[in-house]
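Down below is the structure, laid out as C-alpha coordinates.
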Amino acid sequence: MGKNTKSKEGWRLVTGVMMSAVALFCIGGCAAEFNYLITPWWIPVVIVLAISVPLALPMRGLWQWLTGKQNVALNMICHLVFTFPLLLCTALTVNLLTADKNPVNTKAVVEKVYTETRYHTKRVSRKVYTRGAPYTVYCVEIQFPEGKKRHFDIKKKVYNRLSKGDTVSVDIKKGALGMRMFNGSEMQLPETATPEQKKETRHQRMRRKYQEHMEKIRNIHNHEGQQSQNANN
(Lines give C-alpha, C1' and ligand atoms only; values in the text may rest on other atoms or scores of the structure.)
Protein backbone atom coordinates (compact mmCIF):
# COMPACT_ATOMS: atom_id res chain seq x y z
CA MET A 1 0.00 0.00 0.00
CA GLY A 2 2.82 2.36 0.93
CA LYS A 3 4.67 1.64 -2.32
CA ASN A 4 1.56 2.39 -4.39
CA THR A 5 1.06 5.67 -2.57
CA LYS A 6 4.69 6.71 -3.15
CA SER A 7 4.40 5.68 -6.81
CA LYS A 8 1.29 7.83 -7.27
CA GLU A 9 2.95 10.77 -5.57
CA GLY A 10 5.96 10.33 -7.83
CA TRP A 11 3.83 10.34 -10.96
CA ARG A 12 1.97 13.42 -9.73
CA LEU A 13 5.22 15.24 -9.14
CA VAL A 14 6.65 14.30 -12.55
CA THR A 15 3.41 15.23 -14.32
CA GLY A 16 3.19 18.53 -12.44
CA VAL A 17 6.78 19.47 -13.31
CA MET A 18 6.30 18.60 -16.97
CA MET A 19 3.05 20.54 -17.23
CA SER A 20 4.64 23.54 -15.50
CA ALA A 21 7.53 23.46 -17.97
CA VAL A 22 5.09 23.33 -20.90
CA ALA A 23 3.09 26.25 -19.45
CA LEU A 24 6.24 28.37 -19.01
CA PHE A 25 7.39 27.55 -22.53
CA CYS A 26 4.00 28.56 -23.94
CA ILE A 27 3.96 31.81 -21.95
CA GLY A 28 7.36 32.71 -23.39
CA GLY A 29 6.17 31.79 -26.88
CA CYS A 30 3.05 33.97 -26.51
CA ALA A 31 5.11 36.94 -25.31
CA ALA A 32 7.42 36.63 -28.32
CA GLU A 33 4.61 36.23 -30.87
CA PHE A 34 2.59 39.13 -29.45
CA ASN A 35 5.42 41.48 -30.50
CA TYR A 36 4.68 40.63 -34.14
CA LEU A 37 0.88 40.68 -33.84
CA ILE A 38 -0.95 43.56 -35.51
CA THR A 39 -4.42 42.37 -34.51
CA PRO A 40 -5.36 43.72 -31.04
CA TRP A 41 -3.96 41.32 -28.41
CA TRP A 42 -7.21 41.11 -26.47
CA ILE A 43 -9.07 39.40 -29.33
CA PRO A 44 -7.19 36.06 -29.22
CA VAL A 45 -6.99 36.33 -25.41
CA VAL A 46 -10.77 36.63 -24.99
CA ILE A 47 -11.49 33.88 -27.52
CA VAL A 48 -9.03 31.43 -25.97
CA LEU A 49 -10.27 32.25 -22.47
CA ALA A 50 -13.84 31.55 -23.60
CA ILE A 51 -12.69 28.12 -24.82
CA SER A 52 -10.46 27.32 -21.82
CA VAL A 53 -13.04 27.85 -19.09
CA PRO A 54 -15.64 25.30 -20.37
CA LEU A 55 -12.87 22.70 -20.77
CA ALA A 56 -12.44 22.67 -16.98
CA LEU A 57 -15.50 20.41 -16.64
CA PRO A 58 -14.34 17.47 -18.81
CA MET A 59 -10.79 17.84 -17.46
CA ARG A 60 -11.74 18.03 -13.78
CA GLY A 61 -10.65 14.42 -13.18
CA LEU A 62 -7.08 15.23 -14.25
CA TRP A 63 -6.77 18.18 -11.88
CA GLN A 64 -8.34 16.29 -8.98
CA TRP A 65 -5.78 13.52 -9.49
CA LEU A 66 -2.90 15.98 -9.88
CA THR A 67 -3.70 18.09 -6.81
CA GLY A 68 -5.17 15.26 -4.77
CA LYS A 69 -7.99 17.58 -3.70
CA GLN A 70 -11.64 18.22 -4.53
CA ASN A 71 -11.19 21.98 -4.17
CA VAL A 72 -12.98 23.48 -7.20
CA ALA A 73 -11.21 26.87 -7.03
CA LEU A 74 -7.75 25.29 -6.78
CA ASN A 75 -8.39 22.91 -9.65
CA MET A 76 -9.81 25.72 -11.80
CA ILE A 77 -6.68 27.83 -11.22
CA CYS A 78 -4.44 24.89 -12.17
CA HIS A 79 -6.56 24.29 -15.24
CA LEU A 80 -6.33 27.90 -16.46
CA VAL A 81 -2.61 28.24 -15.67
CA PHE A 82 -1.87 25.28 -17.95
CA THR A 83 -4.66 25.25 -20.55
CA PHE A 84 -4.89 28.97 -21.32
CA PRO A 85 -1.23 29.56 -22.37
CA LEU A 86 -1.15 26.20 -24.16
CA LEU A 87 -4.19 26.99 -26.32
CA LEU A 88 -3.12 30.61 -26.87
CA CYS A 89 0.38 29.64 -27.98
CA THR A 90 -1.08 26.94 -30.24
CA ALA A 91 -3.49 29.42 -31.84
CA LEU A 92 -0.77 32.02 -32.47
CA THR A 93 1.59 29.39 -33.90
CA VAL A 94 -1.08 27.92 -36.20
CA ASN A 95 -1.94 31.41 -37.41
CA LEU A 96 1.75 32.12 -38.07
CA LEU A 97 2.37 28.88 -39.95
CA THR A 98 -0.72 29.33 -42.14
CA ALA A 99 -0.03 32.97 -43.06
CA ASP A 100 -0.95 33.80 -46.66
CA LYS A 101 1.77 33.97 -49.30
CA ASN A 102 0.67 37.36 -50.63
CA PRO A 103 1.49 39.82 -47.85
CA VAL A 104 0.55 43.47 -47.84
CA ASN A 105 3.62 45.72 -47.85
CA THR A 106 3.21 48.50 -45.30
CA LYS A 107 5.36 51.47 -44.35
CA ALA A 108 6.26 52.01 -40.70
CA VAL A 109 8.20 54.77 -38.95
CA VAL A 110 11.08 54.05 -36.60
CA GLU A 111 10.17 55.51 -33.20
CA LYS A 112 13.41 54.63 -31.45
CA VAL A 113 16.49 52.46 -31.77
CA TYR A 114 18.01 51.32 -28.50
CA THR A 115 19.96 48.65 -26.67
CA GLU A 116 19.14 46.50 -23.66
CA THR A 117 21.47 44.72 -21.27
CA ARG A 118 20.35 41.17 -20.56
CA TYR A 119 22.00 38.38 -18.63
CA HIS A 120 22.82 34.77 -19.29
CA THR A 121 21.62 32.17 -16.79
CA LYS A 122 24.43 30.62 -14.79
CA ARG A 123 24.02 27.22 -13.16
CA VAL A 124 25.48 27.16 -9.66
CA SER A 125 24.40 23.68 -8.63
CA ARG A 126 21.89 21.03 -9.64
CA LYS A 127 18.83 23.04 -8.60
CA VAL A 128 20.26 26.53 -8.19
CA TYR A 129 20.64 29.09 -10.98
CA THR A 130 21.82 32.68 -10.81
CA ARG A 131 22.39 35.65 -13.10
CA GLY A 132 25.40 35.17 -15.34
CA ALA A 133 27.42 37.38 -17.66
CA PRO A 134 25.70 40.39 -19.29
CA TYR A 135 25.22 40.77 -23.03
CA THR A 136 23.83 43.50 -25.25
CA VAL A 137 20.65 43.17 -27.30
CA TYR A 138 19.81 45.60 -30.11
CA CYS A 139 16.16 46.66 -30.41
CA VAL A 140 13.88 48.86 -32.48
CA GLU A 141 10.38 50.23 -31.99
CA ILE A 142 8.29 51.00 -35.07
CA GLN A 143 4.90 52.62 -35.50
CA PHE A 144 2.36 51.56 -38.12
CA PRO A 145 0.05 54.01 -39.96
CA GLU A 146 -2.89 53.12 -37.69
CA GLY A 147 -0.83 54.10 -34.64
CA LYS A 148 0.12 50.65 -33.32
CA LYS A 149 3.67 50.36 -31.98
CA ARG A 150 5.74 47.19 -31.86
CA HIS A 151 9.26 46.57 -30.59
CA PHE A 152 11.53 43.64 -31.31
CA ASP A 153 15.17 42.53 -31.37
CA ILE A 154 17.34 43.23 -34.40
CA LYS A 155 20.89 42.45 -35.49
CA LYS A 156 23.72 44.88 -34.81
CA LYS A 157 24.23 45.69 -38.50
CA VAL A 158 20.53 46.63 -38.76
CA TYR A 159 20.84 48.69 -35.57
CA ASN A 160 23.74 50.62 -37.11
CA ARG A 161 21.68 51.52 -40.17
CA LEU A 162 18.54 52.73 -38.41
CA SER A 163 17.76 56.07 -36.79
CA LYS A 164 14.64 57.63 -35.32
CA GLY A 165 12.35 58.90 -38.06
CA ASP A 166 13.46 56.42 -40.72
CA THR A 167 10.74 54.79 -42.82
CA VAL A 168 10.94 51.02 -43.16
CA SER A 169 8.80 48.49 -45.00
CA VAL A 170 7.24 45.41 -43.44
CA ASP A 171 5.06 42.67 -44.92
CA ILE A 172 1.81 42.13 -43.03
CA LYS A 173 0.32 38.65 -43.38
CA LYS A 174 -3.00 37.17 -42.31
CA GLY A 175 -3.15 33.62 -40.97
CA ALA A 176 -5.89 31.01 -41.17
CA LEU A 177 -7.34 32.25 -37.88
CA GLY A 178 -7.71 35.79 -39.24
CA MET A 179 -4.98 37.44 -37.16
CA ARG A 180 -2.63 39.87 -38.90
CA MET A 181 1.08 39.76 -38.11
CA PHE A 182 4.49 40.64 -39.49
CA ASN A 183 8.01 39.22 -39.36
CA GLY A 184 10.51 41.66 -37.91
CA SER A 185 13.47 39.76 -39.36
CA GLU A 186 12.13 40.49 -42.87
CA MET A 187 11.91 44.24 -42.29
CA GLN A 188 13.10 46.15 -45.36
CA LEU A 189 15.52 48.98 -44.51
CA PRO A 190 15.75 52.38 -46.19
CA GLU A 191 17.80 52.17 -49.39
CA THR A 192 18.80 55.83 -49.56
CA ALA A 193 22.28 55.21 -48.20
CA THR A 194 25.29 54.81 -50.49
CA PRO A 195 27.52 51.71 -50.22
CA GLU A 196 30.02 53.79 -48.21
CA GLN A 197 27.30 55.01 -45.85
CA LYS A 198 26.06 51.46 -45.25
CA LYS A 199 29.47 50.63 -43.78
CA GLU A 200 29.26 53.45 -41.24
CA THR A 201 28.94 52.76 -37.55
CA ARG A 202 25.90 54.11 -35.75
CA HIS A 203 27.97 56.93 -34.22
CA GLN A 204 29.36 57.93 -37.62
CA ARG A 205 25.89 57.85 -39.16
CA MET A 206 24.40 60.05 -36.42
CA ARG A 207 27.29 62.51 -36.80
CA ARG A 208 26.83 62.63 -40.60
CA LYS A 209 23.09 63.20 -40.25
CA TYR A 210 23.71 66.00 -37.77
CA GLN A 211 26.16 67.64 -40.15
CA GLU A 212 23.68 67.28 -43.04
CA HIS A 213 20.95 68.83 -40.86
CA MET A 214 23.15 71.80 -39.92
CA GLU A 215 24.11 72.24 -43.57
CA LYS A 216 20.43 72.43 -44.53
CA ILE A 217 19.82 75.06 -41.85
CA ARG A 218 22.76 77.14 -43.11
CA ASN A 219 21.47 76.90 -46.69
CA ILE A 220 18.02 78.07 -45.58
CA HIS A 221 19.50 81.04 -43.70
CA ASN A 222 21.69 81.95 -46.67
CA HIS A 223 18.70 81.76 -49.01
CA GLU A 224 16.60 83.94 -46.72
CA GLY A 225 19.48 86.42 -46.44
CA GLN A 226 19.80 86.67 -50.21
CA GLN A 227 16.05 87.20 -50.58
CA SER A 228 16.12 89.96 -47.96
CA GLN A 229 19.09 91.65 -49.66
CA ASN A 230 17.41 91.48 -53.08
CA ALA A 231 14.26 93.00 -51.62
CA ASN A 232 16.21 95.92 -50.14
CA ASN A 233 17.93 96.55 -53.47
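Using a ≥ b ≥ c from the Cα gyration tensor of the range 49-208 (square roots of the eigenvalues), is it rounded, prolate or oblate, where a/c under 1.5 gives rounded and otherwise the larger of a/b and b/c decides, a/b for prolate?
The shape class here is oblate.
State the percentage of accessible surface on the range 1-106 attributable to carbon and sulfur atoms; use a 1.4 Å probe and exclude ligands, DNA and RNA.
Whole-percent figure for carbon plus sulfur exposure: 75.
With contacts defined as alpha carbon pairs under 8 Å and 6 or more residues apart, what's the relative contact order of the range 75-193 in percent?
Across the range 75-193, relative contact order equals 30 percent.
Per residue of the range 97-110, what does 6.51 cos²θ - 1.76 cosθ + 1.60 with θ = phi - 60° give for ³J(HN,Hα)? Whole Hz please, x for Gly and Pro, Karplus curve as stated.
Karplus-based 3J(HN,Hα) across the range 97-110 equals 6, 9, 4, 5, 8, 10, x, 9, 6, 10, 8, 9, 9, 6 Hz.
Which order do the peptides 95-102, 171-178 come out in when sorted by mean C-beta neighbours inside 10 angstrom, highest first? Show your work: numbers first, answer last.
Details: 95-102: 12.9, 171-178: 16.1.
Ranking the peptides 95-102, 171-178 by packing returns 171-178, 95-102.
Can you give the local net charge around residue 63? Use residues other than it whose beta-carbon is closer than 12 angstrom to its beta-carbon, Lys and Arg +1, Asp and Glu -1.
Summing Lys/Arg as +1 and Asp/Glu as -1 gives +3.
What are the ³J(HN,Hα) values, in whole Hz, obtained from phi via the Karplus relation 6.51 cos²θ - 1.76 cosθ + 1.60 with θ = phi - 60°, for each residue of the range 153-159 in sequence order, with x given for Gly and Pro?
Ordered by residue, 3J(HN,Hα) equals 6, 9, 7, 4, 5, 6, 4 Hz.
With a ≥ b ≥ c the root eigenvalues of the C-alpha gyration tensor of the range 1-139, is it rounded (a/c under 1.5), prolate (a/b larger than b/c) or oblate? Each step should come with its number before you reach the end.
On the way: a/c = 3.11, a/b = 1.43, b/c = 2.17.
Here the range 1-139 falls in the oblate category.
Please compute the net charge surrounding residue 111, taking Lys and Arg as +1 and Asp and Glu as -1 over other residues with Cβ under 13 Å from its Cβ.
Taking every Cβ under 13 Å from that of residue 111, the sum is +3.
Between residue 217 and residue 13, how many nm apart are label points set 7 Å from Cα along the C-beta direction?
Placing both labels 7 Å along Cα→Cβ, they lie 6.9 nm apart.
Between the DSSP loop rule and a limit of at most 16 other Cβ atoms within 10 Å, which GluC sites (Glu not before Pro) in the range 116-155 are left?
Within the range 116-155, the qualifying GluC sites (Glu not before Pro) (loop, at most 16 other Cβ atoms within 10 Å) are 146.
Heavy atoms of the protein only, probe of 1.4 Å, neighbouring chains included. What is the accessible area of residue 12 in Å², nearest 10?
My reading of the accessible area for residue 12 is about 60 Å².
Amide H of residue 39 versus every other amide H placed in the peptide plane: which residues, excluding those fewer than 5 positions away on the same chain, fall under 5 Å?
The answer is 180.
Hey, what do the phi angles of the range 163-171 turn into as Karplus ³J(HN,Hα) couplings, whole Hz, using 6.51/-1.76/1.60 and θ = phi - 60°, x for Gly and Pro?
Computed from phi, the couplings for the range 163-171 are 9, 4, x, 5, 9, 10, 10, 9, 9 Hz.
Is the C-alpha gyration tensor of the range 2-54 telling us rounded, prolate or oblate? Criteria: a/c under 1.5 is rounded; beyond that, a/b larger than b/c is prolate, otherwise oblate.
On the way: a/c = 9.01, a/b = 2.49, b/c = 3.62.
Since a/c reaches 1.5 but b/c is at least a/b, the shape of the range 2-54 is classed as oblate.
Please work out how much accessible surface residue 151 shows to a 1.4 Å probe, ignoring ligands, DNA and RNA, in Å² rounded to 10.
80 Å²
The values are calculated or read from the model by the stated rules, or taken from the named source; none is laboratory data. Because the structure is a prediction, the values reported are computed rather than measured. Backbone-built Cβ (ideal geometry, glycine too); neighbour counts: all protein chains shown. These area figures cover heavy atoms from the full protein model, side chains too; ligands, DNA and RNA do not enter into them. Shrake-Rupley method; radii C 1.70, N 1.55, O 1.52, S 1.80 Å.
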